[in-house]
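Take a look at the structure set out below.
The values are calculated or read from the model by the stated rules, or taken from the named source; none is laboratory data. Since the model is a prediction, treat every value here as computed from it, not as a measurement. Neighbour counts are summed over all protein chains in view; Cβ atoms, including those assigned to glycine, are modelled from backbone coordinates with ideal geometry. These accessible areas exclude ligands, DNA and RNA; they are computed on the full protein's heavy atoms, side chains included. Shrake-Rupley method; radii C 1.70, N 1.55, O 1.52, S 1.80 Å.
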Amino acid sequence: MCGIVGYVGRAQAAPILLDGLRRLEYRGYDSAGIAVVDGGRLETRKCAGRIAALTQLMRKQPVSGSLGVSHTRWATHGKVTDQNAHPHFDASGKLALVHNGVIENYQALKDELIRSGDTNFRSETDTEVLAHLIGKLYDESCASTVDIPEKKARLLAAVRAALRQVIGTYGITLVHADIPDFMIGARRGSPLVLGVGDGENFLASDVSAIVAYTRDAVYLNDFDVVAAGRDKFEITSLAGDSTEHPVSKVEFTAEDIGKGDYPHYMLKEIFEQPNTVRDAMRGRLDPDECTAKLGGLNMTPPELRDVGRIVLTGCGTALHAGRVGEYLIERLANFPTDVEYASEFRHRNTPMTPETLVFAISQSGETADTLGALRESRRKGFRTLGICNNVASTIARESDGGVYMHAGPEIGVAATKSFTSQLAILTLLGLLFGRMRNLSATDGSRVIGALEALPGQIEAVLELSDQIKEIAKKYVDANGMLFFGRQFNFPVALEGALKMKEITYLFAEGHPSAELKHGVIALVRPDLPSVFIAPDDSVFSKNLNNIEQVKARKGPVIAVTSGNGPKHLKGIANEIIVLPEAPEYVMPILAVVPLQLLAYHLAVELCRDVDKPRNLAKSVTVE
Ligand code: M6R
């Protein structure tokens, strides 16, 4: 949710900032801006629209300088306009600030500033209030002439003093026209990373923005304030105490975050799934003991045996993975498992028993709702683990342990490979807990066999891409799509519908197949296809009944099936997509792939912006 890039060094800042913004565009893309300090003056370019619009503007009106900040926005406060685009300025116009997060008490702070005579507000944003507050505190402290080192110290003090008054979340970066070679960053609740270069330093919301320039990174914690020059940086707390942070090596390279030969990140990420599912299981299967090895849980065998209930929490696709996990853990380990929307869990007084183990599932590890749930769970004293892809994320760092997905950067706003990695990990958890309880060695060994077969089976499903593209073309005039599944595949129906609505903007809903007759059937009509995830499993005949009910009402049916399914569906379903045979508990990992492809191909047919769908952002770091 909003991307920040800052630069201080010897090179021209603008190309580096623009390049970083392009890599962060997945975080928000309704407006963008840049401010560069040039010989004691701030040069600013900003506009509503994508980074491409800003690039065009900067081609016409170039800026020069080796110190600057930039921002790509996902609007929270204030409409999408040039004026509301970041950077924002203090009353003097000399301080430029970019912000990711929400200043909840901005109105009270603004009223106070107005009372003190500052009425020079140019935007509707909460961010501008913070810029004014810092600027006011700085200007007051610099009433007399001071040298540059003293100006730096006073600006830093002003930032700390202002942030102590803020209620809300922020990742910020700012520069001041009077202070060369100096930028300040701070975070609370929104990510910020410092890239350490040779004679240059960077600040960014995500390392992907700066990995082309440096792979040495310092991940800031909440309440850290960093002051960076060309050759040095210092991190202190909001109170001004020095804090030590390790410099980590970024795991991936700039090439890893490219599209390769694919037209879209989403398609690339769908096709990466044989490898990413393999990577999620790598070194975690123990065929001798017929179980899983998950050392990152940081729990002893007795502690694991004492777990009596699991709560899985997350948002969007991660929540859907949790819903499959509920079926999985109950089937394999046979103990109570609940799934909660992270946003609800946090504010709800869910009765929890002492033996409850909580998992926060999040690709980015930065989703504000999921982070809030994690913090609430830990505050109440529950052991809370993460299932994250981003190893440097806040959720990964704040949890008591967990399991990394190792899926590599996921850039497409629609989550794909992270979902199947999450499912693979939840199967490993089911196996681990199952083997500590009633799951026999033979059954454990079967689960391992099913997991090991998955990468090859996903490859086989990906070969159906052309068939699915033809289906997408056939239904390009559809007025929406319904998705149905039962048991393990009910959450897959939810996920299929989410993918469809996110990137095609078509109306789409997912339901348990049997719910059809309790109301949804009223929607069935010839221009609204129903996708049934109906593999040849224990509930196939029930699904078949529901398919017949749709057909009887002239609703087109796209069936995703397996085994003997095609034999029964021939002449009933309009389209039949055949999956490899697999046990019910791993079928969602295969069944979701055609749904991802269907949404993708339909979105392309409809000329949608697949990787950056409207109104969305990849990482939702606001509540
Ligand atoms: O990074 P997270 O896994 O925490 O993200 C959670 C959701 O925001 C995310 O899954 C969202 O629903 C995706 N756009 C779905 O494709």
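Go ahead and estimate [θ] at 222 nm for the chain from helices alone: -39,500 (n - 2.57) per DSSP H run with n ≥ 4, summed, over the residue count, rounded to 500. Mind showing how you got there, number by number?
Working: 19 runs with 228 residues, N = 623.
It comes out at -11500 deg cm²/dmol, rounded to the nearest 500.
Could you let me know the centre-to-centre spacing of region 1-73 and region 381-441, using Cα atoms, in angstrom?
35
Have a look at the DSSP beta bridges in the chain and tell me what percent are antiparallel, nearest 5.
Details: 60 of 97 bridges.
Counting DSSP beta bridges with both partners in the chain, the antiparallel share is about 60 percent.
What's the magnitude of the charge dipole for region 3-256 around its Cα centre, counting Lys and Arg as +1 and Asp and Glu as -1 at the beta-carbon? Answer in Debye, nearest 20.
Working: 28 positive and 33 negative charges, 119 e Å.
Using only the charged Cβ atoms, the result is roughly 580 debye.
Take the alpha-carbon centre of region 191-221, take the same for region 519-582, and report the distance between them in whole Å.
Between the Cα centres of region 191-221 and region 519-582 lies a distance of 50 Å.
What's the extension gain from D288 to I114 if we count 0.36 nm per residue and subtract their Cα-Cα distance?
Working: separation 174, 0.36 × 174 = 62.64 nm, distance 7.06 nm.
Full-extension gain reported as 55.6 nm.
For the chain, state the semi-axes of the equivalent ellipsoid (square roots of 5 times the eigenvalues of the alpha-carbon gyration tensor), sorted largest first and rounded to whole angstrom.
On the way: eigenvalues 432, 149, 89 Å².
Equivalent-ellipsoid dimensions as semi-axes: 46, 27, 21 Å.
Counting only protein heavy atoms, what percent of the accessible surface of region 123-166 is carbon or sulfur at a 1.4 Å probe? Could you put the intermediate results ahead of the total?
Working: 900 of 1740 Å².
Solvent-exposed carbon and sulfur of region 123-166 make up 51 percent of the total.
Within 10 Å of each candidate Cβ there may be at most 15 other Cβ atoms; applying that plus a DSSP loop requirement, which trypsin sites (Lys or Arg not before Pro) in region 579-623 survive? Don't skip to the end; give the middle numbers.
Values: sites: R608, R614, K618; in loops: R608, R614, K618.
Those that pass, being in a loop and sparsely packed, are R614.
Can you work out the FRET efficiency for the pair A522 and N479, with r the C-beta to C-beta distance and R0 = 22 Å, to the nearest 0.05?
Working: r = 15 Å, r/R0 = 0.66.
Efficiency, rounded to the nearest 0.05: 0.90.
Between region 477-494 and region 107-131, what is the separation of their alpha carbon centroids in Å?
Computed from Cα coordinates, the inter-centre distance equals 48 Å.
Report the trypsin sites (Lys or Arg not before Pro) located in region 37-86 that are in a DSSP loop and have at most 13 other Cβ atoms inside 10 Å of their Cβ, or state none.
Details: sites: R41, R45, K46, R50, R59, K60, R73, K79; in loops: R50, K79.
Answer in residue order: K79.
Got a sec? Charge dipole of region 3-256, +1 on Cβ for Lys and Arg, -1 for Asp and Glu; which of A52, Y219, H71 is way out at the positive end?
Of the candidates, A52 comes out farthest on the positive side.
Among bridges DSSP assigns within region 258-456, what percent are antiparallel (round to 5)? Don't skip to the answer; put the middle values down first.
Details: 2 of 20 bridges.
Antiparallel bridges: around 10 percent, rounded to the nearest 5.
Take peptides 357-364, 339-346, 147-154, 324-331 and line them up by average Cβ neighbours within 10 Å, highest first, as a rough protection proxy.
Numbers: 357-364: 29.2, 339-346: 20.1, 147-154: 13.9, 324-331: 22.6.
Packing order, densest peptide first, comes out as 357-364, 324-331, 339-346, 147-154.
Just the accessible area per residue of the chain, please: how many Å² with a 1.4 Å probe? Working shown, then result.
Details: 22980 Å² over 623 residues.
Using a 1.4 Å probe on heavy atoms only, each residue of the chain averages 37 Å².
Please compute the alpha carbon radius of gyration of region 491-572, then divide it by the globular-protein estimate 2.2 N^0.38 Å. Two decimals is fine. Walk me through the numbers before you get to the answer.
Values: Rg = 12.3 Å, N = 82, 2.2 N^0.38 = 11.7 Å.
My calculation over the Cα atoms of region 491-572 gives 1.05.
If you bin every alpha carbon distance in region 36-149 into 5 Å steps from zero, what whole percent lands in each bin?
2, 11, 19, 22, 19, 13, 8, 4, 0
Order of 443-450, 155-162, 225-232 by packing, highest average Cβ count within 10 Å first? Walk me through the numbers before you get to the answer.
Numbers: 443-450: 17.8, 155-162: 20.8, 225-232: 19.2.
Highest to lowest by the protection proxy: 155-162, 225-232, 443-450.
With 32 Å as the limit, write out which pairs from K499/K551; K259/K570; K151/K612; K517/K567 have Cα-Cα distances beyond it, or answer none. Display every interim value, and only then the final one.
On the way: K499/K551 24 Å; K259/K570 39 Å; K151/K612 41 Å; K517/K567 25 Å.
Cα-Cα > 32 Å for K259/K570; K151/K612; rest within.
Amide H neighbours of G386 under 5 Å, counting only residues 5+ apart in sequence or on other chains, H built in-plane at 1.01 Å?
Amide H neighbours of G386: A360, D400, G401, G402, V403.
With only alpha-carbon atoms in the gyration tensor, what are the semi-axes of the equivalent ellipsoid for region 130-169, in Å, largest first?
Working: eigenvalues 84, 19, 8 Å².
One finds semi-axes of 20, 10, 6 Å for region 130-169.
Quantify how much of the Cα-Cα distance distribution of region 464-612 extends past 21 Å, in percent.
On the way: 3835 of 11026 pairs.
Summing the P(r) of region 464-612 above 21 Å gives 35 percent of all pairs.
Please express the shape of region 3-256 as an equivalent ellipsoid: the semi-axes are the square roots of 5 times the eigenvalues of the C-alpha gyration tensor, given largest first in whole angstrom. All intermediate terms of the calculation are to be shown ahead of the outcome.
Numbers: eigenvalues 118, 91, 63 Å².
Its equivalent ellipsoid spans semi-axes of 24, 21, 18 Å.
Restricting everything to alpha-carbon atoms, can you work out Rg to Rh for region 258-456 with a Kirkwood hydrodynamic radius?
Details: Rg = 16.2 Å, Rh = 16.8 Å.
Result: Rg/Rh = 0.96.
What residues from region 333-372 fall in the zone where the backbone N is under 17 Å from a label point 7 Å along the Cα-to-C-beta line of E623?
341-350, 366-372
Hey, any idea what Rg/Rh is for region 185-301, computing Rh the Kirkwood way over Cα pairs?
That ratio is 1.10, to two decimals.
Which percent of the accessible area of region 464-612 is formed by carbon and sulfur heavy atoms (probe 1.4 angstrom)? List each step's numbers first, then the result.
Details: 2630 of 5350 Å².
C and S atoms contribute 49 percent here.
Can you compute the FRET efficiency between A441 and A239 using 1/(1 + (r/R0)^6), with r the Cβ-Cβ distance and R0 = 35 Å? Round to the nearest 0.05. Don't skip to the answer; put the middle values down first.
Working: r = 56 Å, r/R0 = 1.59.
Efficiency, rounded to the nearest 0.05: 0.05.
Give me the net charge of V447's neighbourhood, meaning all other residues with Cβ under 11 Å from the Cβ of V447; Lys, Arg count +1, Asp, Glu -1.
Values: positive: R331, R435, R446; negative: D443, E452.
Neighbourhood net charge equals +1.
Given a Förster distance of 25 Å, report the FRET efficiency between D256 and A52 from their Cβ-Cβ distance, rounded to the nearest 0.05. Please report the intermediate quantities before stating the final value.
Details: r = 23 Å, r/R0 = 0.93.
Working from the Cβ atoms, E equals 0.60.
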